[in-house]
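Colleague: One structure is given below, represented as structure tokens, and several questions about it will come after.
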Amino acid sequence: MVESAKLIGKSGIFGENGCMTDSISRSSEFEQIPLRAYAERAYLDYAMYVVLDRALPHVGDGLKPVQRRIIYAMSELGLSAASKHKKSARTVGDVIGKFHPHGDSACYEAMVLMAQPFSYRYPLVDGQGNFGSPDDPKSFAAMRYTESRLSPYARVLLAELGQGTADWVPNFDGSLKEPKLLPARLPNLLLNGGQGIAVGMATDIPPHNLREVVSACVRLLEKPLASVAELCEHVQAPDFPTGGEIISSPADLLALYESGNGAVRQRAVWEREGEEVIITALPHQVSPAKVLEQIAAQMQAKKLPMVADLRDESDHEHPTRLVIVPRSNRVDLDAMMNHLFATTDLEKSIRVNFNVIGNDGRPGVRNLRELLQEWLAYRRQTVTRRLEFRLDQVVDRLHVLEGLLIAYLNIDEVIHIIRTEDEPKPVLMARFGLTATQAEAILELKLRHLAKLEEFKIRGEKDELEAERDRIQALLDSPRKLTRLIRDELLEDAEKYGDERRSRLVQREAAQALKETDLVPSEPVTVVLSENGWVRAAKGHDIQPDELNYRAGDAYLASARGRSNQQAVFLDDSGRSYSLAAHELPSARSLGEPLTGRFSPPAGAQFCSAALGTNEQRVILASSAGYGFVTRLENLHTRQKAGKQVLSLPAGSSVLPVATVPDDEEAVLICATTEGHLLAYYLSELPEMARGKGNKLINIPPKARQGGEQMAGAIAISAGQDCLVWAGQRYLRLSWSDTENYWGERAQRGKKLPRGFQKVSRLTLADDGK
């Protein structure tokens, strides 16, 4: 490990001819420091430079050094709001040549940002030409094509610059002076905000409304001990240049301003126009093109079936106008927009971190009250320096005027001294008790100023200046009067530059993305399961599943009818259930896919039944031992690939096909055994369960069970439905009224079917066919 670093001269260890020199032997000529100390000092120097001179704004004027230098350079070029625009390249050249020795592209980009009305709440630069667009803020034209000047709002930063309010420091080469800070008349830090990434810290300050911030400043001037909660009565939330809705709760916003850290939830603004959705405002720094791209991607992935078309109709008159065309007038627009808010940048969380450089020159996170307090302290200092500067000017002018009045009162003698003396200045000073400044002013008088009228002008000016001196001195001597002056100036600027809030404060519920099943078109489908566990889905309910093509050695086993946006449920012969979305199943045009590719059933288990319907759809689960129960399909849903156990099977029994329950309070449950016993009773006698063995549906005596008798099936029918009792290829059709012949109570033996139908193989509904 290297313990120290040796700083070698220009020629290094080797001389210019490549030969070794005696630099090492003369090591006493060089400084030797530990490598750790050198690296630590170099890193800390760089870190502090980035923090203080590049990345973080100052609480006083709210600007980073590059922004401050651009504003000052433009003012020096005479590019005020009343002047003509000049090429941006001229400004950039002055900035990097005189004050900011960095890349021209970075400097130009900083100037463009201050000119973009969608980036700055109160732009500082008035640009002419292509200065970017909300779609792509960095699509601005090169600096040789654009022109710029300062905006009217920039006077807030520059109006008092020449009035002794700023500290001046040398520029990078010491040839010029530049202001350390600009004398901001308003808290620009909060008005325009700022972003920056330094070393080990960052800042994210959102823009605010000018009138609201000034109102909070006035509140703090009048009540210095006001809490953050009281200030938040004026500054309720940020105010972004692009408008939009702020949907963060008041409690969250208060916590943000109390801590100086947090996030603001902002949402786009939309309205109905006929059957179309019109988006008129987007969250801050969100590109309309990106939003359309995100929505189009969902449409291509068939995850947004309710949207038929998208258009961008934005223009100069309507900066943001995105049109979303729903597929039909039956689309729930509120639900659709809630889904888009949750899945696109139409709703965005904007990070907030009030990390700034304070009046003490140190970076730190401050809450709202601390920010305003520090700025008001800076403003009080600025106003005091301005008044003191003006007071010095007034006192100096009064001093000169007093000398001029003495000269007018003794004009003949003054003229005689000037004409006769070789050095009139010391003679005047000695004769009339004048100072050097007063004597110099007398000697510089022009003859035309010796008229009688000039004396009256001087006396009038002297009276005005004496009144101004007394007023300024009274302000400086009274903190209360100084506070009142600061307040009046703030209110005056708020009236001149303030405007209405753009980002509305609205209480909204959290946006929820639609479930995948809600996004899938609701179309009739038939799920078909084969004996070997292969599954597929056919569109419509009018197909004959047993007539489809199957793989060699495979055949039809079961089917279920429902909708494409429902969950398909499968049972294996161990009583476990599995589920997946019906729209994910392969088309019936193919031979399907094995369920074992989607699920992991126990070793040796075979899939034996299928069901499809709504979550509230009730079904009958039963075993061949004569036990079963009613449950809802949602109890069979699971995300586990291994499924979940829902039906407990007695020893030697098997799972019977799932039977759906009709929505009828007088539905009848029909049970039949393989030896021809049939029992019918009201389904309401069977309790509803989530899982388990169930209750006895039909009685099978032990001797009959030992002889191989089992329950062949259990289905429920309502009035108007018929049941088919199958015995091999033959079937007996029983209507709802025919079941009266087999009526009984649950768990009874039932009655015998007619001859020829006493070897029952299965029960089906008449409209199910095979």
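The values are calculated or read from the model by the stated rules, or taken from the named source; none is laboratory data. Here the structure is a predicted model, which is why all the values come from computation and not from measurement. Ideal geometry is used to build each Cβ from the backbone, glycine not excepted, and the neighbour counts take in all protein chains shown. Side chains are part of the model used for accessible areas, which takes the heavy atoms of the whole protein and leaves out ligands, DNA and RNA. Shrake-Rupley method; radii C 1.70, N 1.55, O 1.52, S 1.80 Å.
Colleague: Of the numbered conditions (1) under 29 Å from P319 (Cα atoms); (2) touching a residue at least 40 places away in the same chain (Cβ under 8 Å); (3) open to solvent by less than 30 Å² (accessible area, probe 1.4 Å); (4) aliphatic (A, V, I, L, M), L253 satisfies every one except a single condition; which is it?
Modeller: Status for L253: all satisfied but (2).
Colleague: Taking segment 150-187 as the region of interest, how many residues are in a loop (DSSP other than H, G, I, E, B) and either of a type in the set (K, R) or touching a strand residue (DSSP E or B) at 6+ places or on another chain (Cβ under 8 Å) (or both)?
Modeller: Within segment 150-187, residues that are in a loop (DSSP other than H, G, I, E, B) and either of a type in the set (K, R) or touching a strand residue (DSSP E or B) at 6+ places or on another chain (Cβ under 8 Å) (or both) number 9.
Colleague: Let me ask something else about it. Please find, within segment 309-358, the residue that is most open to solvent (accessible area, probe 1.4 Å) out of those that are assigned to a helix (DSSP H, G or I) and of a type in the set (A, V, I, L, M, F, W, C).
Modeller: Ranking the candidates gives A342 first.
Colleague: Something else about it: Pairs under 7 Å by beta carbon, first residue among the aliphatic types (A, V, I, L, M) in segment 101-127, partner open to solvent by 40 Å² or more (accessible area, probe 1.4 Å), six or more apart or different chains?
Modeller: V112/F140; A115/D126
Colleague: So which residues in segment 562-576 are buried (at least 20 other Cβ atoms within 10 Å of the Cβ) and either charged (D, E, K, R) or touching a residue at least 60 places away in the same chain (Cβ under 8 Å) (or both), if there are any at all?
Modeller: Q567, V569, L571, D572, G575, R576
Colleague: Against the condition open to solvent by less than 70 Å² (accessible area, probe 1.4 Å), within 26 Å of the chain's Cα centre (by Cα) and either closer than 26 Å to R379 by Cα or of a type in the set (S, T, Y) (or both), how does R69 come out, does it pass?
Modeller: So R69 fails the test.
Colleague: Here's a check for you: in segment 21-41, which residue that is part of a helix (DSSP H, G or I) and at pLDDT 80 or above is most open to solvent (accessible area, probe 1.4 Å)?
Modeller: R36
Colleague: Would you confirm, using the coordinates I've provided, whether A106 is open to solvent by 50 Å² or more (accessible area, probe 1.4 Å) and at pLDDT 85 or above?
Modeller: yes
Colleague: Related question: Within segment 544-561, which residues are open to solvent by less than 60 Å² (accessible area, probe 1.4 Å) and in a loop (DSSP other than H, G, I, E, B)?
Modeller: The answer is L548, Y550, D554, A555.
Colleague: Looking at segment 494-512, which of its residues are aliphatic (A, V, I, L, M), closer than 30 Å to Q566 by Cα and surrounded by fewer than 15 Cβ atoms within 10 Å (Cβ to Cβ)?
Modeller: A510
Colleague: Could you go through segment 368-387 and let me know if any residue there is over 30 Å from L482 (Cβ atoms) and out of contact with any strand residue (DSSP E or B) (no Cβ under 6 Å at 6 or more places or on another chain).
Modeller: The answer is no, given that none of the residues of segment 368-387 is over 30 Å from L482 (Cβ atoms) and out of contact with any strand residue (DSSP E or B) (no Cβ under 6 Å at 6 or more places or on another chain).
Colleague: Right, another one. Condition first: outside any strand (DSSP E or B), of a type outside the set (A, V, I, L, M) and either more than 22 Å from V658 (Cα to Cα) or modelled with pLDDT of 95 or more (or both). Now tell me which residues in segment 751-770 satisfy that.
Modeller: Within segment 751-770, P754, R755, G756, F757, Q758 meet the criteria.
Colleague: Would you please name the residue that is nearest to A605 (Cα to Cα), looking only at residues in segment 623-641 that are under 39 Å from the mean Cα position of the chain (by Cα) and surrounded by fewer than 23 Cβ atoms within 10 Å (Cβ to Cβ)?
Modeller: K641
Colleague: Only helices (runs of 4 or more DSSP H) wholly contained in segment 188-250 count here; list those with 2 or more residues that are buried (at least 17 other Cβ atoms within 10 Å of the Cβ) and out of contact with any Pro (no Cβ under 8 Å at 6 or more places or on another chain).
Modeller: 210-222, 228-231
Colleague: Another one. Out of everything in segment 670-696 that is farther than 17 Å from G728 by Cα and among the polar types (S, T, N, Q), what residue ends up being most open to solvent (accessible area, probe 1.4 Å)?
Modeller: Selected residue: S684.
Colleague: Can you tell me which residues in segment 160-183 are among the polar types (S, T, N, Q), in contact with a helix residue (DSSP H, G or I) (Cβ under 6 Å, 6 or more places away or on another chain) and more than 12 Å from R69 (Cβ to Cβ)?
Modeller: Q163, T165
Colleague: Go through R632, R589 for me and flag whichever is modelled with pLDDT under 95 and basic (K, R).
Modeller: R589
Colleague: Mind listing whichever residues of segment 291-308 are open to solvent by 20 Å² or more (accessible area, probe 1.4 Å) and either in a strand (DSSP E or B) or not aliphatic (A, V, I, L, M) (or both)?
Modeller: Result: E293, Q294, Q298, Q300, K302, K303, P305, A308.
Colleague: Now for a different question. For segment 117-149, how many residues meet the condition of being closer than 21 Å to N209 by Cα and either assigned to a loop (DSSP other than H, G, I, E, B) or over 31 Å from the mean Cα position of the chain (by Cα) (or both)?
Modeller: Counting residues in segment 117-149 that are closer than 21 Å to N209 by Cα and either assigned to a loop (DSSP other than H, G, I, E, B) or over 31 Å from the mean Cα position of the chain (by Cα) (or both) gives 9.
Colleague: Filter segment 580-591 for residues that are outside any strand (DSSP E or B) and either aliphatic (A, V, I, L, M) or open to solvent by less than 20 Å² (accessible area, probe 1.4 Å) (or both) and give the result.
Modeller: Within segment 580-591, A582, L585, A588, L591 qualify.
Colleague: While we're looking at this one, here's another question. Name the pairs: first residue in segment 680-691 and in contact (Cβ under 8 Å) with a residue 60 or more places away in the chain and under 13 Å from T739 (Cα atoms), second residue of a type in the set (F, W, Y) and not in a loop (DSSP other than H, G, I, E, B), Cβ to Cβ under 7 Å, at least 6 apart or on different chains?
Modeller: Here the result reads A680/Y742; A680/W743; Y681/W743, each pair linking segment 680-691 to a residue that is of a type in the set (F, W, Y) and not in a loop (DSSP other than H, G, I, E, B).
Colleague: Please specify each residue of segment 513-535 satisfying the condition of being farther than 20 Å from K302 by Cα and either among the small types (G, A, S) or open to solvent by less than 50 Å² (accessible area, probe 1.4 Å) (or both).
Modeller: Across segment 513-535, the qualifying residues are T526, V527, V528, L529, S530, G533, V535.
Colleague: Working carefully through the options I670, I620, find the one that is part of a strand (DSSP E or B), modelled with pLDDT of 95 or more and over 55 Å from the mean Cα position of the chain (by Cα).
Modeller: Unique residue meeting the criteria: I670.
Colleague: Report, by residue number, each residue of segment 494-529 that is farther than 30 Å from E584 by Cα and either in a helix (DSSP H, G or I) or among the charged types (D, E, K, R) (or both).
Modeller: Residues satisfying the conditions are A494, E495, K496, Y497, D499, E500, R501, R502, R504, R508, E509.
Colleague: Of the conditions (1) open to solvent by 30 Å² or more (accessible area, probe 1.4 Å); (2) touching a residue at least 40 places away in the same chain (Cβ under 8 Å); (3) closer than 29 Å to R330 by Cα; (4) not polar (S, T, N, Q), P288 clears all except one; give me its number.
Modeller: For P288, the failing item is (1).
Colleague: Within segment 359-375, take every residue that is open to solvent by less than 50 Å² (accessible area, probe 1.4 Å) and of a type in the set (A, V, I, L, M, F, W, C) and give me the one that is nearest to R185 (Cα to Cα).
Modeller: W375
Colleague: Of all residues in segment 269-282 being out of contact with any Asp or Glu (no Cβ under 7 Å at 6 or more places or on another chain) and open to solvent by less than 30 Å² (accessible area, probe 1.4 Å), which is nearest to D334 (Cα to Cα)?
Modeller: V277
Colleague: So if I check each of G708, G720, which one is exposed (fewer than 15 other Cβ atoms within 10 Å of the Cβ), touching a Phe, Trp or Tyr at 6+ places or on another chain (Cβ under 8 Å) and free of Cβ contacts under 8 Å to residues at least 40 places away in the same chain?
Modeller: G720
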